[in-house]
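The values are calculated or read from the model by the stated rules, or taken from the named source; none is laboratory data. Everything numeric here is computed off the predicted structure, so don't read it as measured data. Here the Cβ positions follow ideal geometry from the backbone for every residue, glycine too, while neighbour counts run over all protein chains shown. The area values use the complete protein model at the heavy-atom level, side chains included, leaving out ligands, DNA and RNA. Shrake-Rupley method; radii C 1.70, N 1.55, O 1.52, S 1.80 Å.
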Amino acid sequence: MSNLLEIDGLETGFDTERGPIRAVDGVSFELQKGKTLGVVGESGCGKTVTAMSIVDLLPKPSGKVLGGSIRLNEKELKGADQKVMQRVRGNEIGVIFQEPMAALNPVQRIGKQITEALILHKNMSKATALKEAVQLLEAVGIPSPERRVIEYPHQLSGGMRQRVMIAIALCCEPDLLIADEPTTALDVTVQAQILNLISKMQDNIGMAVMLITHDLGVIAEQCDEVIVMYAGRIVERAPVLELFSNPLHAYTKGLLASIPWIESERKTVLPTIPGQVAPIHEFVEGCRFCQRMERSGELVQERPPYLEINPGHFVEQCPECTKEDSNICNEPSKSVGQIIKLRRSEPFTVWIRKIKIKAPHKQILTLLTGRQEKLNRVRVPLLQVKEVKMHFPVRGGIFSRQTGAVKAVDGVSISINAGETLGLVGESGCGKSTLGKSIVRLLRPNAGKIIFKGQDITTMSQWSLRKRRQDFQMVFQDPAESLDARMSVGQLVSEPMVIQKMGNRYERNERVFELLDRVGLPRTAADKFSFEFSGGQKQRIGIARALAVNPDLLVLDEPVSALDVSVQSQVLNLLMELQRDLGLSYLFIAHDLAVVKHVSDRIAVMYLGKIVEMTDAEKIYRNPKHAYTKALIEAIPVTDPSRMREHEPLEGEVPSPINPPDGCAFGHRINAPNYEKSKGRDIKLEEIESGHWVSNCPCCVDR
Amino acid sequence: MIRFIINRLLQGLLVLFALYTITFFLAKAMPGEPFTTEKNISEEAKAYQRALYGLDKSMLEQYLRYPINIVTEGSFAVSTSKGRPVRDIIAQSFPNSLILGLSALGIAICIGVPLGVISAMRKNSWVDWGSMSIAMIGICVPAFTVGPLLQIYIAAHLPGLKVAGWGSPIDIILPALTLGLTTAAYLARLTRGGMLEILSQDFIRTARAKGVPSNKLITRHALRGGLLPAIAFIGPSFAALISGSFIVETIFQVPGMGQHFVNAVIARDEFLLLGVALFFGFLIVIMNLAADILTGILDPRVRLDSNQK
């Protein structure tokens, strides 16, 4: 079969203030017609730069293809004239980008954005192009496309926008589709829909796909062949089955090991790849993964050969990284307790009711667990949330009367015991973040009760809350956005203590150092600013800040979803370790069921403002009762490429919480056969067996 | 949309009333009164004059009577220094200022916007550095320097152009140029900034990925969003341009409205002062509203916001 795309020795560089850097350094691969190639690796490994070099969309004027060749259909694209590239882009190669929010022009109608390429490349008239656009929107599964063509991007949901992006990329039936993290910003259910759509369109048009992602599950499901990139080079390239069954390079093994699979054992320490990708200007000539492992000598001086080991299986043959037993990860599958090698003898300071206690770790632990046991003995959960409702008014009319309400949280009851982790999962828009914010009283619920340590804080004034806030803290999703860039890390971490009037300046500084030790950051970090750190380190700062006032409960709102997989496992390990050491309770909010299952004792599944199922983490995965829970589990990409899924992905999206459908909202979405029965019924959680709560909906639960 | 406009107009009325209040009391706080002159006028004559203009009433009554008269009689009182109704004075001088201001704005847009767009397209090139340096100079050099320079080096050498005066249409050129250059400089900088912001957005990359040629990239995708900061600036600055500039009008002998702002204060003519201040405030309110409506037309996301509120 002929090769559609041939990349040979591609080198791409950028001019920076520190001089020229080489982001892609000698990358070669081929892609055949109709096949799917996966490109995987951490951020900063040159995946996107490689793809953008092909279509000449590098940032101008700093980015440049320096060497090698790029041949599409035996036509050289490197150094091709702008006119030529304009014919190639959009016509022969379509591109989908990661952020569907930002990738569409906000001030142009959807229809115009699709027709633009059709008019450019196919010489269509405006009217024909518009008809074609409507058909395309229909093909990518957008309901009532005639209406959508005259709408603007902000009127569509994220999933719908990504469908529009696909329609734009595919409108001229390209030979090659480059999809750069097409589903990273989307929910698992929507991700499954989008991936399904890409495969379907691929079959229809017969195009090849280059799929860039950091999600190995997506790779396993979608790709025929995979290239693993590290620090601007391909370290391994193999057919998908071969790569998953017989990874040769230590980096590939590390990536495969560091992800919590849904089947893996809960609460184990996740293997992590030590260190991080070096900044591009510090890349060595030799094996760059050895550079990360802090190996020296010849290994990092001479570039290892890139050889074909088995038919179609290429690897960068570094003697150290391709050893049989090269296990760079720390031991997996041991429980957290066995692994922690804390400097337990080192003193650690804790304030309990304004009394400062400085003691070795071990004693603190007994002290805290003593507190915990006392709480547990009286059988009062640390946190009780009873029938909480959080409705936001929708105003309209001349005098801004309230015309409706967004029922973001609509009657939720949960409880968290001391030392326990409750996982909260659901698609975006289901109200899980709103619930988290209501619990720490960043919002004031309209109804229901929030009882923390036996005290009702539902309607407590901001003034009296201030004192209570040291008992519950929140860690936010995006560490880059939630930390003030104008404050030093030391100021950020000590600020909660200043507010709570804990200690004097000297004591606070001392505690900042302790906290930095605790979350695995160097003490020198205190004088730096948050933007000087990587994503994972920033999240560690966020955690240190939350820990500063010795809280009992941490509300973790998507704490790892903005992080790379390898960093994600580091942060998850830290959270589990802290929980064990400090006796913390967590409300862990996330959309990734595999991650939630790994860290949680119990899991609550939320849909459209309501909990639909809640039970032990293990049970919910082995024996889900509610159709929505089942759909969420099925939407997770299966990590074994030999075990292909056959089910159809969950259709549609979470409906608007302003006008929720009558009866069971999920039954309405999936068109459940018994949906009519649920109409007019008051749907509530029922305990079907000890500790297993399921909503009593007649259409989604089979008994 | 209509509700939005009505809301904004009501807000504008409040703003105008606040402006009136401040101007009124500031005028009263000025030392002296309209009839304080060097000439010896008898106390009786002064008292007669005060009664004639209603200045003998209590402060509160004066404060309330002025707006009531505007609403009931459409009267903006009579200028104490000119002895003519303020309304007539504005009606006579405003058209001159309007023509001058419109020409100045036209010049500013024709120079500033293209300069900004070109600078953004050729970021960090000599074109960019050059035009931005000129723009900086344009902002820094005041009109009372530019005006005389134009008179000396252009008007004096080109036949047909007068150094000063206001009669034929050709007389508009020099004062409009003087008035418009500063605005042009601001516009160039704002347009450059707006365009650079838009050109760095992801959707520009999407457009390139579609194969859109670079000239169409600017006209179809970048210009609409890139002009928004400039439009927000044009609104209020347009009001300032058409309500006249004392300096430019004085240099080029233009019988516009700008002179009244200064002369009214010097003559302690509080009714004229109130009249021109309120008129200027009214223009600002209207132009800001117009700029917002224009922004809404260009940016559908803003439209959504105003509808929800």
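Within region A:500-511, the residues that satisfy the criterion of being farther than 16 Å from A:ALA525 by Cα and in contact (Cβ under 8 Å) with a residue 40 or more places away in the chain are A:GLN500, A:MET502, A:GLY503, A:GLU507.
If I filter region B:233-254 for residues that are assigned to a helix (DSSP H, G or I), within 14 Å of another protein chain (Cβ to nearest Cβ), free of Cβ contacts under 8 Å to residues at least 60 places away in the same chain and within 27 Å of B:ASN288 (Cα to Cα), do I get at least one hit? No, the conditions are met nowhere in region B:233-254. With the requirement that a residue be aromatic (Phe, Trp, Tyr) and open to solvent by less than 60 Å² (accessible area, probe 1.4 Å), what does region B:245-279 give you? Passing the criteria: B:PHE252, B:PHE261, B:PHE271, B:PHE279. If you check A:GLN402 against the conditions, is it open to solvent by 70 Å² or more (accessible area, probe 1.4 Å), modelled with pLDDT of 80 or more and more than 23 Å from A:GLU686 (Cβ to Cβ)? No, not satisfied. The one condition from (1) within 27 Å of A:MET576 (Cβ to Cβ); (2) open to solvent by less than 20 Å² (accessible area, probe 1.4 Å) that A:VAL694 does not meet is (1). For region A:177-188, filtered to residues that are within 25 Å of A:LEU57 (Cα to Cα) and either in contact with a Lys or Arg (Cβ under 9 Å, 6 or more places away or on another chain) or away from chain B (no Cβ under 12 Å) (or both), the residue that is surrounded by the fewest Cβ atoms within 10 Å (Cβ to Cβ) is A:THR184.
The number of residues in region B:1-42 being within 14 Å of another protein chain (Cβ to nearest Cβ) and either loosely packed, with under 13 Cβ neighbours inside 10 Å or closer than 12 Å to B:PHE282 by Cα (or both) comes to 5.
Taking region A:154-176 as the range and being within 12 Å of chain B (Cβ to nearest Cβ) and among the charged types (D, E, K, R) as the test, only A:ARG161 passes.
For the residues B:ARG224, B:ARG301, B:ARG208, the requirement of being in a helix (DSSP H, G or I), charged (D, E, K, R) and in contact with a strand residue (DSSP E or B) (Cβ under 8 Å, 6 or more places away or on another chain) singles out B:ARG208.
Only strands (runs of 3 or more DSSP E) whose full extent lies in region A:439-558 are considered here, and none of them has at least 3 residues that are open to solvent by less than 10 Å² (accessible area, probe 1.4 Å) and touching a Pro at 6+ places or on another chain (Cβ under 6 Å). Would you point out which residue out of A:VAL228, A:VAL209, A:VAL218, A:VAL235 is more than 26 Å from A:VAL571 (Cα to Cα) and β-branched (Val, Ile, Thr)? Testing whether each residue is more than 26 Å from A:VAL571 (Cα to Cα) and β-branched (Val, Ile, Thr) leaves just A:VAL209.
With respect to the conditions (1) in contact (Cβ under 8 Å) with a residue 12 or more places away in the chain; (2) within 8 Å of chain A (Cβ to nearest Cβ); (3) not hydrophobic (A, V, I, L, M, F, W, C), B:GLY258 lacks only one, and its number is (2).
Yes or no: A:GLY79 closer than 25 Å to A:ILE21 by Cβ and within 14 Å of another protein chain (Cβ to nearest Cβ)? No, not satisfied. May I ask you to list pairs of residues, at least six apart or on different chains, whose Cβ atoms are under 6 Å apart, with the first in region A:571-584 being closer than 14 Å to A:LEU515 by Cα and not assigned by TED's automatic domain parsing to the domain that holds A:LEU515 and the second being open to solvent by 10 Å² or more (accessible area, probe 1.4 Å) and small (Gly, Ala, Ser)? Between residues of region A:571-584 that are closer than 14 Å to A:LEU515 by Cα and not assigned by TED's automatic domain parsing to the domain that holds A:LEU515 and residues that are open to solvent by 10 Å² or more (accessible area, probe 1.4 Å) and small (Gly, Ala, Ser), there is no close pair. So is A:LEU582 at pLDDT 90 or above and closer than 29 Å to A:ARG540 by Cβ or not? Judged against the criteria, A:LEU582 is not a match. Being open to solvent by 60 Å² or more (accessible area, probe 1.4 Å) and either under 24 Å from A:VAL277 (Cα atoms) or of a type in the set (A, V, I, L, M) (or both) is a property that A:GLU99 has. If the condition is being open to solvent by 10 Å² or more (accessible area, probe 1.4 Å) and in a helix (DSSP H, G or I), then region A:87-96 contributes only A:ARG87. Given the criteria hydrophobic (A, V, I, L, M, F, W, C) and either free of Cβ contacts under 8 Å to residues at least 40 places away in the same chain or part of a loop (DSSP other than H, G, I, E, B) (or both), does A:LEU57 qualify? Criteria met by A:LEU57. Looking only at residues of region B:183-205 that are surrounded by fewer than 22 Cβ atoms within 10 Å (Cβ to Cβ) and assigned to a helix (DSSP H, G or I), we find that the one that is nearest to the other protein chains (Cβ to nearest Cβ) is B:ASP202. Condition test on B:LEU149, is it open to solvent by 30 Å² or more (accessible area, probe 1.4 Å) and touching a residue at least 60 places away in the same chain (Cβ under 8 Å)? So B:LEU149 fails the test.
Considering region A:102-125, and only residues there that are open to solvent by 20 Å² or more (accessible area, probe 1.4 Å) and farther than 13 Å from A:TYR152 by Cα, the residue that is nearest to the other protein chains (Cβ to nearest Cβ) turns out to be A:LEU120.
Based on this model, can you work out whether A:THR50 counts as buried (at least 24 other Cβ atoms within 10 Å of the Cβ), in contact with a helix residue (DSSP H, G or I) (Cβ under 7 Å, 6 or more places away or on another chain) and more than 9 Å from chain B (Cβ to nearest Cβ)? The answer is no for A:THR50.
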